[in-house]
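A short write-up of the structure that comes next.
Just so it is clear, none of the values below were taken in a lab; they were calculated from the coordinates. Everything quoted here is computed from the prediction, not taken from an experiment. A quick note on method: Cβ atoms are made from the backbone with ideal geometry, for glycine too, and the neighbour counts reach across all protein chains shown.
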Amino acid sequence: MQNNTFILEVINLTNNFRIQNGLSPLSVDTDLTEAAQYHSQNMATSDFFDHRDPANQNPRDRASRFGYESRSVGENIAAGQLTPQAVFNAWLNSPGHRRNMLNANWNEIGVGYYYQQNDTGSVNYRAYWTQVFGKGDIENPGATPTPTASAPTLPAGFDPLQYGASYSDLIEAYGNNAAALQAHYLTQGQYEGRSPNRFNAAQYLAAYDDLTNAFGNDWQAAITHYIEVGYWEGRSAAGGMFDPAQYLASYDDLINAFGYNLAAAGQHYQQHGRSENRQQDRFDEGRYLASHADLIQAFDYNLAAATQHYISHGSREGRSHDNFDPAAYLNNYADLQAALGSDLAAATQHYIQFGFAEGRTGA
């Protein structure tokens, strides 16, 4: 199902973002629009998610097929986001997609959106989005939507320090400079989809007894402490270093919703995961790696790569992450029991680094 309102909103969000960054808005091109809509619908109905389609056509091929004369073409795709703002934020938080939207060479755009309610294939995101950019001779100058940008305003109760504490890059750039943080939000942050209050001061206080003893329930003091001291000490509001990839890999519904979007995973945990009592790291990447011979051969003992593989591929492929049994592995070999005792994590590591190559079994 196509949604022209959604398509227009994505165009407006993109053009507003370009204007905020000193670039010209893009004109809507009919050929690019047709190519984008075709690709979104084709991904949904032909059960794939890729820039190259089953007919082996790339973005340039598709644009040419629909009559676009220039070969200067770029493309952003996304899947699973249910609103224009959500897909725009996803592209914004991906360096490559963001560069496409801010490419000064582009002067035309086409956007496609298709929603498939009963998406029962192996790729089943339901919502599929495509942006196609081009540099050509504008045939329809009047087709550029008027951007809806308005004068920047601050949300009610905006606290520049809380905004700064919410993002490590802002802490490193501005420290506790409230004026600079407010200016950043007005000129950049709100257009990047940044939350002004992602940092949870109460959670930060509760995570550390020394802070509770020092500040009691003084949230403002907690925010200032995090910016000036806590961040540099490696503290986090959750009482430990939050790993968004680990959090993503722990829940297949989040993988289906976000793919390998670490920023979206972090935002989900802040906004929903805590209150839903979701665990941050229940995914056992070592055991997942040990359960698949091809992954051991590909990654050796690279746990971060294993986690990324599960998010990007393994979950969708239905791979198990508990076929390897470290307790059984230890019980099978007296030398390992003598060396490792009952340390299951060490047993898993041994199998990946040595046991697999030696022909030992974890079954």
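See the values below:
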| quantity | calculated |
| --- | --- |
| Full-stretch length increase - A345, N3 - with 0.36 nm per residue and alpha-carbon distance subtracted | 118.1 nm |
| Cut-off under 5 Å, modelled amide H: who pairs with K135 long-range | S72, N107 |
| 3J(HN,Hα) from dihedral phi, the stretch 95-102, Karplus parametrisation 6.51/-1.76/1.60, rounded to Hz, x for glycine, proline | x, x, 5, 4, 4, 4, 5, 9 |
| Förster radius 51 Å - calculated FRET efficiency between R52 and D335 (Cβ-Cβ, nearest 0.05) | 0.55 |
| Segment A263-A202, length gained on full extension (0.36 nm per residue, minus Cα span) | 19.8 nm |
| Segments 58-67, 75-84 sorted - mean Cβ within 10 Å per residue, highest first | 75-84, 58-67 |
| Linear extension gain, A328 paired with W232, 0.36 nm per residue minus alpha-carbon span | 30.3 nm |
| Span per principal axis, largest first, for the Cα atoms of the stretch 272-342 (Å) | 46, 29, 19 |
| The stretch 153-196 and the stretch 282-324: distance between their alpha carbon centers, rounded to Å | 37 |
| Distance histogram in 10 Å bins (all Cα pairs of the chain, percent per bin) | 5, 19, 24, 23, 18, 8, 2, 0 |
| Within the chain, helix-based [θ] at 222 nm, where runs of 4 or more DSSP H residues each add -39,500 (n - 2.57), nearest 500 | -11500 deg cm²/dmol |
| Gaussian network model of the chain, springs between alpha carbon atoms under 10 Å - residue of L92, L289, L336 with greatest fluctuation | L336 |
| Phi-based couplings in Hz for the stretch 327-344 (Karplus 6.51, -1.76, 1.60; Gly and Pro marked x) | 5, 5, 4, 5, 5, 6, 9, 5, 5, 6, 4, 5, 7, 10, x, 10, 6, 5 |
| FRET efficiency, 1/(1 + (r/R0)^6) with R0 41 Å, evaluated for D137 and R282 via beta carbons | 0.15 |
| Estimated distance in nm for a label pair at A173 and N124, the labels positioned 7 Å out from Cα along Cα-to-Cβ | 4.1 |
